[in-house]
Amino acid sequence: MKALIIGGAGFVGSYLIKELSSAGMEVHATCLPFERDKITEKCGVHTLDIMNKDDILNLIDHVEPDVVYHLAAQSSVSVSWKRPQLTAEINVVGSINVLEAVREAEKKNIRVIMIGTGEEYGFIREDACPLSEDEVLNPGNIYAATKACQEMISRIYVRAYKMDIIMVRAFNHSGPGQNSIFVISDFCRQIAEIERGDKAPEMSVGNLSAMRDFTDVRDVVKAYRLLFEKGVSGKVYNIGRGKAVDIQYILDTALKQTKMEIEVKQDPARMRASDIPIIEPDVSRIKWDTGWEAEISMEQTIRDTLNWWRNTL
Ligand code: A2R
C-alpha cells in the first residue's frame, strides 16, 4: 500500500511517516521548497505548494497512492487573526485543490483523509460535552472556520462525486518536537530553560482551570493509520482521549518531573477573555469503527516532551 502525505514537514507529518512506514507502507511526503531538511524520516520526498492544483495532480499521477493524507495547512490560530485571507487560501482553496486533484487523478479509489480540528466546535453549549460528531459547529476563530469549511466541502465531494473521504476533528495533541506555543510544550520548555539556568525559576502560566482533552501525537497518527484501514467512508471522526483535564494538572505533572524549586506566576497576557470552561470529545465512534483509543499516558507525553527540550535547547 502507498501513502502520500501532503504537508509532511510539520509536527504531525514526521510521526505519521514513521507510523505508516512501520506498518509496511510505501510512504511519500510533500513539503514546501524551503522545508526539505525538515523531513528526516525515510520516505519519498517531494516539494509541493498546494496552491497549485496541477502540481498536486501530477504528483498523484506519479505516486499513485492508495491513500492521501491532507495535513498541509496554515495551522496557527493567532496567524489566522492576522492573515485571514492567507489562512482561507491555504486551508480552503488549498483543500479544494487537493480534492480536485484526487478527483481528476488517473488512479481511482484513492482514500482521502482530511485533517480538521476540535476547534471547529467553537463556542459550545454549556452542557454539550462530551461533544459528539453530530453537535452543531460554531467556530470561534478564523482558523477553525476555515477547517469547518474544509470539512463541509469534503462532504460535498463525498455526496456529489462519491469520493472516498474521511474527515477528522483532532483535539489537542502534543509530544516531543511540538512548537512551544502549545501548552504542554510551553511548560516543558520553560522547565528545561530554568534547569539550564537560562531563565529565573519562575513559570508564567495562563488560565489553569480550563479543561481540555490531550492526546499523544504518537497515538493520533495511529488513529490516522487505522482510519485508512478501517474507517467508514464519508464519516467524520473525533480524535481525542475522551477525558479532559485542567491545565493545573498539566502544570503539576510537569513540575513533578524536575528537582528545581519553581515559583508559578499567573501572566495576564496569557489569560484568554473567552476561555470555554471545558472542551471534551465523545470518541466512541472511532473506537467502535476502528478499535482505536488513546494509550499513552499524559505523564509519559509530558516526560518525553520535557526530555526533548532538555536535549534540544
Ligand atoms: O506553514 P509552514 O511553513 O510551517 O508549512 C506548513 C505546510 N504548509 C503548506 N504546504 C503546502 N502548501 C502550502 N501552501 C502550505 N502552507 C503551509 O503544512 C507545515 O509544514 C504543514 C502543516 O504542518 P503544521 O503547521 O506543523 O501542522 P501539524 O501540527 O502537523 O498539524 C497537521 C494538521 C493541520 O492540518 C492542522 O490544522 C491539523 O492537523 O490540526
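I'd like to check something: does the range 24-37 contain any residue that is within 7 Å of the ligand (Cβ to nearest atom) and either in a helix (DSSP H, G or I) or modelled with pLDDT under 95 (or both)? Walk me through it before giving the result.
As a first pass, look at the range 24-37 and keep what is within 7 Å of the ligand (Cβ to nearest atom): 30-32, 35.
Then drop every residue that is not either in a helix (DSSP H, G or I) or modelled with pLDDT under 95 (or both), which leaves 35.
Checking the range 24-37: at least one residue is within 7 Å of the ligand (Cβ to nearest atom) and either in a helix (DSSP H, G or I) or modelled with pLDDT under 95 (or both).
Scan the range 38-56 residue by residue and report those that are part of a helix (DSSP H, G or I) and within 13 Å of the ligand (Cβ to nearest atom).
Lys38, Lys53, Asp55, Ile56
Scan the range 150-189 residue by residue and report those that are of a type in the set (Val, Ile, Thr), over 16 Å from Phe11 (Cα atoms) and more than 13 Å from the chain's Cα centre (by Cα).
Scanning the range 150-189 gives Ile153, Ile156, Val158, Ile165, Ile166.
In this structure, does Met114 turn out to be assigned to a strand (DSSP E or B), open to solvent by less than 10 Å² (accessible area, probe 1.4 Å), within 10 Å of the ligand (Cβ to nearest atom) and under 30 Å from Pro65 (Cβ atoms)?
In short, yes.
Kindly list the number of the only condition in (1) surrounded by fewer than 17 Cβ atoms within 10 Å (Cβ to Cβ); (2) within 17 Å of Ile113 (Cβ to Cβ); (3) among the polar types (S, T, N, Q) that fails for Thr30.
(1)
Checking the condition in a helix (DSSP H, G or I), touching a helix residue (DSSP H, G or I) at 6+ places or on another chain (Cβ under 9 Å) and of a type outside the set (A, V, I, L, M, F, W, C), which residue from Glu106, Glu120, Glu133 passes?
After ruling out the rest, the residue left standing is Glu120.
Among the residues of the range 129-148, is any basic (Lys, Arg), crowded, with 20+ Cβ neighbours inside 10 Å and over 25 Å from Phe228 (Cα atoms)?
The answer is no, given that none of the residues of the range 129-148 is basic (Lys, Arg), crowded, with 20+ Cβ neighbours inside 10 Å and over 25 Å from Phe228 (Cα atoms).
If you take the residues in the range 140-199 that are aromatic (Phe, Trp, Tyr) and in contact with a helix residue (DSSP H, G or I) (Cβ under 8 Å, 6 or more places away or on another chain), which one is nearest to the ligand (Cβ to nearest atom)?
Here the residue is Tyr143.
Please give the number of the condition Met211 fails out of (1) at pLDDT below 95; (2) open to solvent by 70 Å² or more (accessible area, probe 1.4 Å).
Among (1) at pLDDT below 95; (2) open to solvent by 70 Å² or more (accessible area, probe 1.4 Å), the lone unmet condition for Met211 is (2).
Consider the range 57-85. How many of its residues are farther than 24 Å from Ala223 by Cβ, more than 9 Å from the ligand (Cβ to nearest atom) and in a helix (DSSP H, G or I)?
To start, the set of residues in the range 57-85 that are farther than 24 Å from Ala223 by Cβ comprises 57-59, 61-62, 64, 78-85.
Restricting the remaining residues to those that are more than 9 Å from the ligand (Cβ to nearest atom) gives 57-59, 61-62, 64, 78, 80-85.
With in a helix (DSSP H, G or I) added as a condition, the list becomes 57-59, 61-62, 78, 80-82, 84-85.
Residues flagged as farther than 24 Å from Ala223 by Cβ, more than 9 Å from the ligand (Cβ to nearest atom) and in a helix (DSSP H, G or I) within the range 57-85 amount to 11.
Could you look through the range 1-23, keep only residues that are open to solvent by 50 Å² or more (accessible area, probe 1.4 Å) and aliphatic (A, V, I, L, M), and pick out the one that is nearest to the ligand (Cβ to nearest atom)?
Within the range 1-23, the match that is nearest to the ligand (Cβ to nearest atom) is Ala23.
Can you say whether Gly206 is modelled with pLDDT under 95 and either farther than 30 Å from Arg310 by Cα or surrounded by fewer than 21 Cβ atoms within 10 Å (Cβ to Cβ) (or both), as far as the supplied structure shows?
So Gly206 fits the description; yes.
Please go through the range 20-69 and pick out each residue that is out of contact with any helix residue (DSSP H, G or I) (no Cβ under 6 Å at 6 or more places or on another chain), over 24 Å from Leu226 (Cα atoms) and of a type in the set (D, E, K, R).
Glu35, Arg36, Asp37, Lys38, Asp49, Asp54, Asp55, Asp61, listed by residue number.
Given the options Arg241, Arg225, Arg189, name the one that is more than 22 Å from Arg303 (Cα to Cα) and open to solvent by 30 Å² or more (accessible area, probe 1.4 Å).
Details: Arg241 fails: more than 22 Å from Arg303 (Cα to Cα); Arg189 fails: more than 22 Å from Arg303 (Cα to Cα).
The conditions single out Arg225.
Cβ-Cβ below 7 Å, separation at least six or inter-chain, first residue in the range 286-300 and closer than 10 Å to Lys230 by Cα, second of a type in the set (Val, Ile, Thr) and surrounded by fewer than 16 Cβ atoms within 10 Å (Cβ to Cβ): which pairs?
Asp289/Val232
Please name all residue pairs, on different chains or six or more residues apart, with Cβ atoms under 7 Å, provided the first residue is in the range 102-115 and is farther than 9 Å from Met163 by Cα and the second residue is outside any helix (DSSP H, G or I) and basic (Lys, Arg).
none
Could you please find all residues in the range 261-302 being surrounded by fewer than 17 Cβ atoms within 10 Å (Cβ to Cβ), part of a helix (DSSP H, G or I) and not acidic (Asp, Glu)?
Passing the criteria: Pro268, Ala269, Arg270, Ser284, Lys287, Trp288, Gln300.
The values are calculated or read from the model by the stated rules, or taken from the named source; none is laboratory data. These figures come from a predicted structure and were not determined experimentally. Positions of Cβ are generated from backbone atoms using ideal geometry, with glycine treated the same way; all protein chains shown enter the neighbour counts. Each accessible area value is taken on the protein alone, full model and side chains, heavy atoms only, with ligands, DNA and RNA left out. Shrake-Rupley method; radii C 1.70, N 1.55, O 1.52, S 1.80 Å.
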